[in-house]
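Colleague: One structure, as structure tokens, below. Some questions next.
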């Protein structure tokens, strides 16, 4: 006859297995997040372990207990690997320590179930292993929470793991002091009853905190990437101004400048995320460089804005190069995580002249030409207007 405890363990098993599936799906959406992959493996073992306990009476009791306790202990191995991935640390191909503890639990549980028939000693063996493994994971999570990458969810996760560890240790101590001998798990004393009530709840809460931490970390990472990208753009613009002015003053006239803006950068950012947009920019940069000489200088000078200084290059040659770049990007597709990304560009071209004698004035002129290209429908190359003296300071 099925007991209330077996129904409870069956429910925990089902929830853990569902969580494992959710983690796999989120890992796929997160573009192969290895941390979530390891956690899903741990949850799978937890679900199967609780299923083994729930099947007591339907399969041989000894087999149920040995398999369940072994799987529950083994779950700490991939979970520990997931925590190390979370910290950016390499994962060992074989976690010798974790598998030795798991094997010891399997042997001890089998021995005490078949020979000793001592439930209290069996509980001590399993909970001692749980104490060791949870302390190991808790230390890893605590190190992460104290690092620069730590977030509030990681601090909550560390506290839950330490609570789990302390509960296991208390169960070991009090069960050993009582020395109870019984074949009914629910009669093993208050420590075991409390642990049976709390541990499954922690197993349900901890994965939710992990997902919270992953999304929180992803938001922080995206913010860091955007900040770093903007800083790179600002530094690139300054580098262009210095090098272009040096080329002009060094007598490498005529100097032509090509400015390139992506037409759908914001749309790609919204649909696929900023990492995908950055990867697309890197691909665009590689294509642009294929049309440049060694003496040309390419810089990222804004969020999605490239600028090229081309010494000893006349206007007609610069226009031809710009058109080749525009056509190649229009026809190309960049594959990012099995998703094809396409973009077109609006390009402005200008050549050094008496009315545009400096790098800054040339840059302003190309920006105005890009505005004209966008007004005309985008995916165009436009020559900067002539006959105007551009100011040396600007808001671009």
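The values are calculated or read from the model by the stated rules, or taken from the named source; none is laboratory data. Here the structure is a predicted model, which is why all the values come from computation and not from measurement. All Cβ positions, glycine included, derive from the backbone under ideal geometry; neighbour counts span all protein chains shown.
Colleague: Only helices (runs of 4 or more DSSP H) wholly contained in region 8-103 count here; list those with 1 or more residues that are at pLDDT below 75 and surrounded by fewer than 16 Cβ atoms within 10 Å (Cβ to Cβ).
Modeller: Numbers: elements: 34-54, 61-74, 76-86.
It comes to 34-54, 61-74.
Colleague: In this structure, does residue 377 turn out to be loosely packed, with under 15 Cβ neighbours inside 10 Å and either in the same structural domain as residue 265 (by TED's automatic domain parsing) or outside any loop (DSSP other than H, G, I, E, B) (or both)? If you could, list the steps in order and put the result at the bottom.
Modeller: Working: loosely packed, with under 15 Cβ neighbours inside 10 Å: yes; either in the same structural domain as residue 265 (by TED's automatic domain parsing) or outside any loop (DSSP other than H, G, I, E, B) (or both): yes.
Yes: the conditions hold for residue 377.
Colleague: Which condition from (1) farther than 18 Å from residue 280 by Cα; (2) within 37 Å of the chain's Cα centre (by Cα); (3) outside any loop (DSSP other than H, G, I, E, B) is the one that residue 320 breaks?
Modeller: Evaluating residue 320 over (1) farther than 18 Å from residue 280 by Cα; (2) within 37 Å of the chain's Cα centre (by Cα); (3) outside any loop (DSSP other than H, G, I, E, B) leaves (2) as the failure.
Colleague: Follow-up question, since we're still on this one. Tell me which of these residue 312 doesn't satisfy, since it passes every other one: (1) assigned to a loop (DSSP other than H, G, I, E, B); (2) at negative phi; (3) over 33 Å from the mean Cα position of the chain (by Cα).
Modeller: With (1) assigned to a loop (DSSP other than H, G, I, E, B); (2) at negative phi; (3) over 33 Å from the mean Cα position of the chain (by Cα) applied to residue 312, the lone miss is (2).
Colleague: Something else now. I'm told residue 268 meets every condition in (1) farther than 21 Å from residue 237 by Cβ; (2) part of a loop (DSSP other than H, G, I, E, B); (3) in contact with a strand residue (DSSP E or B) (Cβ under 9 Å, 6 or more places away or on another chain) except one. Can you identify the failing condition by its number?
Modeller: Among (1) farther than 21 Å from residue 237 by Cβ; (2) part of a loop (DSSP other than H, G, I, E, B); (3) in contact with a strand residue (DSSP E or B) (Cβ under 9 Å, 6 or more places away or on another chain), the lone unmet condition for residue 268 is (2).
Colleague: Quick one: would you say residue 361 is in the same structural domain as residue 296 (by TED's automatic domain parsing), assigned to a helix (DSSP H, G or I) and at pLDDT 90 or above? Can you show your working first?
Modeller: Details: in the same structural domain as residue 296 (by TED's automatic domain parsing): yes; assigned to a helix (DSSP H, G or I): yes; at pLDDT 90 or above: yes.
Against the criterion (in the same structural domain as residue 296 (by TED's automatic domain parsing), assigned to a helix (DSSP H, G or I) and at pLDDT 90 or above), residue 361 qualifies.
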